[in-house]
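Each value in this text was obtained by applying a stated rule to the coordinates, not by laboratory testing. Worth saying up front: this structure is predicted, and the values here are computed from it rather than measured. So basically every Cβ, Gly included, is an ideal-geometry build from the backbone, and we count neighbours across all protein chains shown.
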Amino acid sequence: MNKTALQILRFVVLVLFQVLVINHIRLGGYVHPCIYLIFIMLLPVYIPNWQLLLLGFGLGFSVDLFTGTPGLHAGATTLMAFCRPSIIRLISGTQKFENIHEPNLDQLDGMWFLRYTICMVFVHHFALFFLESFSFHLIGQILLRILISVPISVFLIMMILYIFKANKKGERR
Amino acid sequence: MYNLWRFILKHHFVILFILLEVISILLLARSQNFHRNRVVNTTNDAVGQVYEWSSEVGNYFRLNKTNQDLAEENAWLRQQLAMTTDTTRSFFDIEGRDTIYEYIPAQVVNNSIGQANNYIIINKGRADGIERDMGVISSDGIVGVVADVSRHYASILSLLHSHSVVGVRFKNNQELGSLKWGNNNYRYGIVEDIPAHVVLQEGDTVLTSSYSFIFPEDLMVGTVEESRPISSGALNTAKIRFATDFATLRYVYVIHNLHKPELDSLKANFQ
């Protein structure tokens, strides 16, 4: 399948899956798992920076349209997109990406990917929960929500990535 | 000029980042400060349609529970009806007070409880006579207030919203208070501004007060879970359990107050 078409399909499927399925997971109301960030995580490593930021903003804004919170997810995903090049540099060390087009589980080992996911999800959730409360006076509660939501998001994202890795022989998403 | 251009090109990553973050925060701030947190452009019909498709699928799995709830509500209504026809002087003043309210049934197509500010989307809109600031109730208790309306859908500011405030009354002693969410759990809310002399028991019923033009008087809100005396002030707070279960909300009624234009014009006079 065409690379651009694949990205568009991934974008639409992930946003819909997030707002129609994942947003209904509510363990006591504290948890807000996010899987739509997979889209930003799987963008090509050497994508131009401005495209990365605009796609991040667009992704967050699409989710915002559904949740009725303009600017909330957009702000969080923009920050995440901004941090992505630094995160990749930080966790890769000497590892080179010369022949790797997209960061995916076929070409990179699971531990690398787990570290990558944890960093990205943490940045996203941190921004999301602070923007949501719009203040620092509920700091204890915000930290609690981050502490609960980050592991659940990381688990869901890794699970989805492994499922689609296993199905790679068939049609890829 | 050339230098400026070169500067922008060199730092375009940071500049674009800051620009997009500023846009996000402005959008967010605007939606928070707007009158009754009006959701800008989000209750559009396309989003509502997607939620409705998804909700249609889910509805089949809940038919059993829904039937049961409707049957219970039916039984309760029949009981009320019996009370009004059996006695010569009716319990509800059918001709007077209650007829100023019209109830529009609607179905919830999307609902959140996990955010700091939660909204509910229903499948009735301007075309069905829904307007902003109308009250919304379920068969168990009050739910929220209409925040924004599109042609076929409406978004409701749920009680589970940091800006939600509802005037309430304790059934036992007629004392008034104001209900807020308190931003923690979807089952509980906080009633503030209770005079210190008021003694509350666990399980006391909390109803809507007559001062609200949005909700009719005496609608179920919840029950007292625990009373928290504050040593410093003269006003207490109490934690209450909502009568409405927001996690399983499916069918709601939007309340149309037929006298609202009249009340609004009165209020406009002294503002």
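A few notes on this one:
- Dimensionless Rg ratio for the protein assembly as shown, taking C-alpha atoms and the 2.2 N^0.38 Å reference: 1.13
- Evaluated at q = 0.08 Å⁻¹, a Debye calculation over the C-alpha positions of chain A (equal weights, vacuum) places log10 I(q)/I(0) at -0.23.
- Compactness relative to 2.2 N^0.38 Å, alpha carbon Rg of the range A:1-89: 1.10
- Sorting B:244, A:78, A:67, A:4 by the number of Cβ atoms found within 10 Å of their own Cβ, with the fewest placed first, yields A:4, A:67, B:244, A:78.
- Remark: mean inter-chain Cβ contacts per residue of B:114-126 equal 4, using a 10 Å Cβ-Cβ cutoff to other protein chain atoms.
- The range B:43-271 - Rg over Rh from alpha carbon coordinates, Kirkwood radius: 0.98
- Hull shadow area, averaged, the range A:53-130 [alpha-carbon convex hull, nm²]: 5.7
- For the listed residue pairs B:65/B:260; A:3/B:10; B:65/B:124; B:124/B:260; B:171/B:239; B:180/B:260, the alpha carbons are over 26 angstrom apart in B:65/B:260; A:3/B:10.
- Helical contribution to [θ] at 222 nm, DSSP H n ≥ 4, -39,500 (n - 2.57), averaged over chain A, rounded to 500: -22500 deg cm²/dmol
- Test item: A:116-124 mean partner chain Cβ contacts at 10 Å: 0
- Fewest-first sequence of B:12, A:124, A:101 by Cβ atoms within 10 Å of each Cβ: A:101, B:12, A:124
- Of all DSSP bridge pairs formed entirely within the protein assembly as shown, close to 100 percent run antiparallel.
- Ranked by how many other Cβ atoms sit within 10 Å of their own Cβ, fewest first, the residues B:103, A:36 fall in the order B:103, A:36.
- Share of Cα-Cα pairs in the range B:147-234 lying beyond 17 Å, as whole percent: 52
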